Amino acid sequence: MKNSTLTNLVNEMAAGSIRVVDLTVPLSADTPIIGLPEEFKQSPAFKMEKISHFDKDGPAWYWNSFSCGEHTGTHFDAPAHWVTGQNYKDGCTDTIPPAKLVAAANVIDVSKEAAENPDYLLSSAKIEEWEKEHGKIEAGTWVLMRTDWSKRSTKDFLNYAEDGPHTPGPSVECMEFLAKERDILGFGVETIGTDAGQAFAFDPAFPAHHLMHGNNKFGLASLTNLDQLPPKGALIVAAPLKIVQGSGSPLRVIAITA
Ligand code: 23J
Ligand code: MN
């Protein structure tokens, strides 16, 4: 059956009035990975090995194998990633209902605040201020925190100091508000992880992980090009690899926007 909404979408994409924006960073051995305190096991970086390249191992074909931690580069955090979300039957990369992998986005621009303060924390007050201008955040939608962090060099992106990383993220009360008062689909960021660099010292520690996953919600980390999206109106396709019992995966995040 022909659907006029989909026909219009295809036509407007062909005409260029609706754009496709790639929110994904390149995936290579140079892709930054999160460094946890040294008592914990670290995540391996992306690694690629050639199988054949038009040679004796495969005269007419080129292909590689690759390996990496599930949480490498632009990646999806499933509820199963965190202790608080471990019991959701639909919380692994292979069990998340596919309807949740396509959803609207709300983009909160705090790039100025983050430029002035690398430890900037997004608050519910800031969200409510944004809603006064752009409208209420609907249930089942993404909240994406624009910090322009993806424009930084690797060193400034990670921004390590003696007392740990200094990168922006959400406050505890902001995650409580978005989980409980707004019932969002998940929280996405441009930084290496969904939590602020200093969030190991919050109560609870790592509130984006603790509260989003504890409420069967998702995370998206290391996004880019959020400056190319409107505050409201973009549609996000974020579908992790269907790893059986996976906690997350690198993925291509695509925005469809006017
Ligand atoms: C494991 C432990 C702590 C954190 C993370 C992973 C992430 O940020 C992640 O990529 O999910 S904070
Ligand atoms: Mn992750």
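The values are calculated or read from the model by the stated rules, or taken from the named source; none is laboratory data. Keep in mind that this is a model prediction, so the values were computed, not measured. Cβ placement follows ideal geometry from the backbone for every residue including glycine, while neighbour counts extend to all protein chains displayed. What goes into the accessible areas is simple: the full protein's heavy atoms, side chains included, and nothing from ligands, DNA or RNA. Shrake-Rupley method; radii C 1.70, N 1.55, O 1.52, S 1.80 Å.
Among residues belonging to segment 43-61 that are in contact (Cβ under 8 Å) with a residue 12 or more places away in the chain and of a type outside the set (Lys, Arg), point out the one that is surrounded by the fewest Cβ atoms within 10 Å (Cβ to Cβ). Top of the filtered list is 49. Suppose the filter is open to solvent by 40 Å² or more (accessible area, probe 1.4 Å), without any contact (Cβ under 8 Å) to a residue 24 or more places away in the chain, at negative phi and over 12 Å from the mean Cα position of the chain (by Cα); does residue 161 pass it? So residue 161 fits the description; yes. The condition of being among the β-branched types (Val, Ile, Thr), in a strand (DSSP E or B) and modelled with pLDDT of 95 or more holds for only one of 108, 127, that being 108.
The one condition from (1) away from ligand 2 (no atom under 16 Å from the Cβ); (2) open to solvent by less than 40 Å² (accessible area, probe 1.4 Å); (3) in a loop (DSSP other than H, G, I, E, B) that residue 191 does not meet is (1). Can you name the residue in segment 1-41 that is under 22 Å from residue 75 (Cβ atoms) and touching a helix residue (DSSP H, G or I) at 6+ places or on another chain (Cβ under 8 Å) and, of all such residues, is most open to solvent (accessible area, probe 1.4 Å)? Here the residue is 30. Counting only residues that are among the small types (Gly, Ala, Ser), open to solvent by 20 Å² or more (accessible area, probe 1.4 Å) and touching a residue at least 40 places away in the same chain (Cβ under 8 Å), segment 88-110 holds 1 of them.
Contact map, segment 29-42: residues that are under 15 Å from residue 155 (Cα atoms) paired with residues that are open to solvent by 50 Å² or more (accessible area, probe 1.4 Å) and within 16 Å of ligand 2 (Cβ to nearest atom), Cβ distance under 7 Å, separation 6+ or inter-chain. Pairs shown: 35/42. Taking segment 111-124 as the range and being touching a Pro at 6+ places or on another chain (Cβ under 9 Å) and either outside any loop (DSSP other than H, G, I, E, B) or surrounded by 17 or more Cβ atoms within 10 Å (Cβ to Cβ) (or both) as the test, the residues that pass are 113, 114, 118, 120, 121, 122.
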